[in-house]
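Data first, discussion second: the structure below is written as structure tokens.
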Amino acid sequence: MIRKQDLMVHHPYDSFSRSVQRFIAEAAHDPNVLAIKMTLYRTSGDSPIVNALIAAAENDKQVAALVELKARFDEENNINWARKLEDVGVHVVYGLVGLKTHTKLVLIVRREDGKIRRYVHIGTGNYNPKTARLYTDIGVFSCREELGADLTELFNSLTGYSRQQSYRKLLVAPTDLRDRMVSLINREVDHQHNGGQGRIVAKMNALVDAKLIQTLYAASQAGVQIDLIVRGICCLRPGVPDLSENIRVISIVGRFLEHSRIFYFHNNGDDELFIGSADWMPRNLDRRVEAVVQVEDADIAKDLQEILGIMLADNRYAWDLQPDGHYIQRRPANQTPEQSSQVILMEMAQHSNGGN
């Protein structure tokens, strides 16, 4: 399926166990798979993902796991799993000095018809089957050659074999992610100044970074229309006259914890969408290894735009941030049907699965 086209999964609406977990488990037992490399930030105490990596090592595959020992609340789990992985011969790496590794990446190297093909999963969420039932996250599977090459070089950097400073498709922190995001925002300003329509929609967990906030303020003053879906801390104040009057901010607090990061740039009609592990915070941009990738498959890009549109139209669990820092919960107007984005997405997933 991945060879035919890139695939997107949206958890918990799509099953984690039947997609990401199965992807890794089948690779562990596939005789044509030569290597599996992945990052582990948060793991469960009975992690089937780690068990799959152990099985892969026992099946004589080259396995590398970057385990973040400083993942808050999961330090003990990660230490225990790291020891078990080392015991079976997995190459366990504990990250780069001074940086937390927060990326959500899997690279699988497979022998096919006398050639080598690389399969990747790039996500916004942790490889944890328990939180995958509670957190909303996006993941993309691909076997695009440039992505495979980028992940290979990033893992080489993380395991100490190289010091990569640029990538073909990935936006990587702390290397170039901040500068690239600033550049994408400023490109919308350029389009606005040249008679086009500047438009940005960004979804994240937190917006704290002063430089990106100032860049968004400048974009708003230029006339760029900006919608931000920020679940948690937001240090930007929307709707301030002559500063941020073209910026709107909502927070969606519902049954699931909104955890996915999605970034949309109108680009004068040539839409560009990105997903990845990074919030717009100094720690993510400067003190963590993060990876964001542009979605190149047109169908997936369309799906992501639909998801963002559904969230922006939420009139039940969305809270509007006011210029003074207070939030007001949206309520359906008289005779207006209730629109909960999470309920709508659950119904869409159920319909696509034939009602099962």
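The values are calculated or read from the model by the stated rules, or taken from the named source; none is laboratory data. Only a predicted model underlies this, so the values are computations on that prediction, with no experimental measurement involved. In this analysis, Cβ positions are derived from the backbone assuming ideal geometry, glycine residues included, and neighbour counts consider all displayed protein chains. The area values use the complete protein model at the heavy-atom level, side chains included, leaving out ligands, DNA and RNA. Shrake-Rupley method; radii C 1.70, N 1.55, O 1.52, S 1.80 Å.
Scan segment 153-162 and tell me whether some residue there is under 15 Å from the mean Cα position of the chain (by Cα) and open to solvent by less than 10 Å² (accessible area, probe 1.4 Å). Taking every residue of segment 153-162 in turn, none turns out to be under 15 Å from the mean Cα position of the chain (by Cα) and open to solvent by less than 10 Å² (accessible area, probe 1.4 Å). The C-beta contact set for segment 317-339 (first residue more than 16 Å from GLY254 (Cα to Cα) and open to solvent by less than 90 Å² (accessible area, probe 1.4 Å), second residue in a strand (DSSP E or B) and β-branched (Val, Ile, Thr), distance under 6 angstrom, 6+ apart or interchain) comprises LEU321/VAL249. Here HIS10 meets each of (1) under 21 Å from the mean Cα position of the chain (by Cα); (2) at pLDDT 95 or above; (3) part of a loop (DSSP other than H, G, I, E, B) with one exception, condition (3).
Before we move on, is ALA132 assigned to a helix (DSSP H, G or I), within 21 Å of ILE275 (Cα to Cα) and touching a residue at least 24 places away in the same chain (Cβ under 8 Å)? Taking the combined requirement at face value, the residue satisfies it.
Taking segment 15-45 as the search range and keeping residues that are out of contact with any Lys or Arg (no Cβ under 8 Å at 6 or more places or on another chain) and within 21 Å of ASN156 (Cα to Cα), which one is modelled with the lowest pLDDT? Reasoning before the result, please.
As a first pass, look at segment 15-45 and keep what is out of contact with any Lys or Arg (no Cβ under 8 Å at 6 or more places or on another chain): 15, 17-26, 29, 31, 37-38, 40, 42-43, 45.
If we keep only those that are within 21 Å of ASN156 (Cα to Cα) as well, we get 24, 37-38, 40.
Details: ILE24: 97, LYS37: 97, MET38: 95, LEU40: 87.
That would be LEU40.
Reported count of residues in segment 340-356, each being of a type in the set (Ser, Thr, Tyr) and either open to solvent by less than 60 Å² (accessible area, probe 1.4 Å) or more than 29 Å from GLY139 (Cβ to Cβ) (or both), is 2.
Contact annotation: residue pairs with Cβ atoms under 6 Å, 6 or more positions apart or on different chains, pairing a residue in segment 151-178 that is without any contact (Cβ under 8 Å) to a residue 24 or more places away in the chain with a partner that is open to solvent by less than 30 Å² (accessible area, probe 1.4 Å), are GLN164/SER157; TYR167/ASP150; ARG168/ASP150.
Within segment 291-321, how many residues are among the acidic types (Asp, Glu) and closer than 17 Å to GLU146 by Cα? Working first, answer last.
Of segment 291-321, the ones among the acidic types (Asp, Glu) are 296-297, 299, 303, 306, 314, 320.
Filter once more, so that each one left must be closer than 17 Å to GLU146 by Cα: 296-297.
Within segment 291-321, residues that are among the acidic types (Asp, Glu) and closer than 17 Å to GLU146 by Cα number 2.
If we keep just the residues of segment 93-114 that are modelled with pLDDT of 90 or more and in a strand (DSSP E or B), which is most open to solvent (accessible area, probe 1.4 Å)? The residue in question is ARG111.
For GLN192, the test of being over 27 Å from ILE328 (Cβ atoms) and buried (at least 19 other Cβ atoms within 10 Å of the Cβ) is passed.
Can you say whether ASP137 is touching a residue at least 12 places away in the same chain (Cβ under 8 Å), part of a helix (DSSP H, G or I) and touching a strand residue (DSSP E or B) at 6+ places or on another chain (Cβ under 7 Å), as far as the supplied structure shows?
So ASP137 fails the test.
In segment 250-288, how many residues are part of a strand (DSSP E or B) and open to solvent by 10 Å² or more (accessible area, probe 1.4 Å)? Walk me through it before giving the result.
Within segment 250-288, the subset part of a strand (DSSP E or B) is 250-252, 257-258, 262-265, 272-276, 280, 288.
Then drop every residue that is not open to solvent by 10 Å² or more (accessible area, probe 1.4 Å), which leaves 257, 264, 272, 288.
Total meeting the criteria: 4.
Residues considered: ILE307, ILE229. Of these, the only one that is over 13 Å from the mean Cα position of the chain (by Cα), within 22 Å of ARG330 (Cα to Cα) and part of a strand (DSSP E or B) is ILE229.
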